[in-house]
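Q: Below is the structure I would like to discuss, written out as structure tokens.
The values are calculated or read from the model by the stated rules, or taken from the named source; none is laboratory data. Since the model is a prediction, treat every value here as computed from it, not as a measurement. Glycine gets a Cβ as well: all are built from the backbone with ideal geometry, and neighbour counts include every protein chain shown. The protein model used for the area step is the full one, side chains on, heavy atoms only, and it has no ligands, DNA or RNA in it. Shrake-Rupley method; radii C 1.70, N 1.55, O 1.52, S 1.80 Å.
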Amino acid sequence: MPLETDKSDHLIALLARNAERHGGEVALMERDMGIWQEWTWRAYCDHVLSLAAGFEAAGVKAGDIVLVIGDNRRALYAAMLALIALRAIPSPAYSDVNADELSGQVGREGITIAVAEDQEQVDKLMQARRANPALTLIAYDDPRGLKGHEPAGVVALATLVEQGARRLDAEAGLREALVARPQAGDIAVLLHSSGTTGVPKGVPLRHSHVLSGVRNAANAGYFGEGEVHMAYLPMAWVGDFIFSIGAALALRFKVAIPERQETAL
């Protein structure tokens, strides 16, 4: 059962609050070619809401379960929040899962839309689509090997962001409506077990579950506001969502994203 809480106390409201009150502060740092690239709270929020508007135009609806696969990437964190803004449910998969296992998750969860980091993950999803033809849209981040050569049903996240930004400019009130759309009792994410006793099992967490856990930890001294956090855990695991999204939004963490999991140290 959802926890008794303020319905407006949810992840997207916190993102918008941080953008309004601390817009110029750094929210995300991602190492790319050895150089840290920074995203402010304002840029983070603008990107999330633009992508939400783009996803919606592409057919994402409330209640849709959307698979997300790849290493820790700021674009994938933003994609999960964009889906959450639409009351859709991101379902991250472990990045090293093979195509057959991925196909199983797509089938079990009724996935029709997926978000992928790069060509490697898109290739696996294309294989999974042969057994699951309902998977009609795959959005990708890294353009290498894909841009200009996209298979049918494959589109760049950057394209959806551009389309969504045009919607936000053209449709008065859409930005505010997207921020207000989620509720604290909504399922925010499906997070998966490690699969040691069978296939990974998706466990639903609501906004209220995530935020109450973060705040309880903060009250006990485990977290402090404004900390710097390294996003080193797999995105499909509960710890990463709690730290890199839940605590980051509630406590205004600066999240540092390594170039690859292998180079985190």
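Q: Treating region 1-157 as a set of equal point scatterers at the Cα positions, no solvent, please give the Debye-formula log₁₀ I(q)/I(0) at q = 0.14, 0.15, 0.20 Å⁻¹.
A: Each listed q corresponds, in turn, to -0.73, -0.83, -1.29.
Q: What net charge is computed for the residues neighbouring Leu15, neighbours being all others with C-beta under 11 Å from the C-beta of Leu15, Lys and Arg scored +1, Asp and Glu -1?
A: That works out to +1.
Q: Let me ask something additional. Enumerate the lysines that Lys7 could reach by cross-link, defined here as Cα to Cα under 22 Å, with residues fewer than 8 away along the same chain left out.
A: Counting by Cα, and skipping residues close in sequence, Lys7 has these lysines nearby: Lys61.
Q: Just the accessible area per residue of region 7-51, please: how many Å² with a 1.4 Å probe?
A: Ligands and nucleic acids excluded, the result is 47 Å² per residue.
Q: Between Ala158 and Arg130, what is the spin-label point distance in nm, taking each point 7 Å from the Cα along the Cα→C-beta axis?
A: Here the answer is 3.0 nm between the modelled labels.
Q: Quick one: Cα convex hull volume of region 133-265, Å³ per residue?
A: 191 Å³
Q: Could you tell me whether region 200-241 comes out rounded, prolate or oblate from its Cα gyration tensor? Rule is a ≥ b ≥ c as square roots of the eigenvalues, rounded for a/c under 1.5, then prolate if a/b exceeds b/c, otherwise oblate.
A: Judged from the Cα gyration tensor, region 200-241 comes out oblate (a/c at least 1.5, b/c at or above a/b).
Q: Assigning unit charges at the beta carbon (Lys, Arg +1; Asp, Glu -1) and nothing else, what dipole magnitude in debye, to the nearest 20, does the chain show about its Cα centre?
A: 480 debye
Q: What percentage of the solvent-accessible surface of the chain, computed with a 1.4 Å probe over protein heavy atoms, is contributed by carbon and sulfur atoms?
A: On the chain, the fraction of accessible area on carbon and sulfur atoms equals 52 percent.
Q: Heavy-atom accessible area per residue, region 144-253, 1.4 Å probe: how many Å²?
A: Computed with neighbouring chains in place, this is 49 Å² per residue.
Q: Testing the spin-label approximation: label points 7 Å from Cα along Cα→Cβ at Lys7 and Lys201. State their distance in nm.
A: 3.2 nm
Q: Here is a further query. Once label points are set 7 Å from the Cα along Cα→Cβ at both Lys147 and Tyr222, what is their separation, rounded to one decimal in nm?
A: With each label placed 7 Å out from Cα toward Cβ, I get 4.1 nm.
Q: Quick one: 3J(HN,Hα) in Hz for region 176-184, Karplus 6.51/-1.76/1.60 with θ = phi - 60°, rounded, Gly and Pro as x.
A: 5, 5, 5, 5, 8, 5, x, 10, 4
Q: Another question, if that's okay. Leaving out ligands and nucleic acids, and using a 1.4 Å probe, what accessible area per residue does region 57-130 come to in Å²?
A: 32 Å²
Q: Still on this model: Name the long-range amide H neighbours of His229: under 5 Å, sequence gap of 5 or more, or other chain; modelled H, no Pro or chain starts.
A: Result for His229 returns Lys254, Val255, Ala256.
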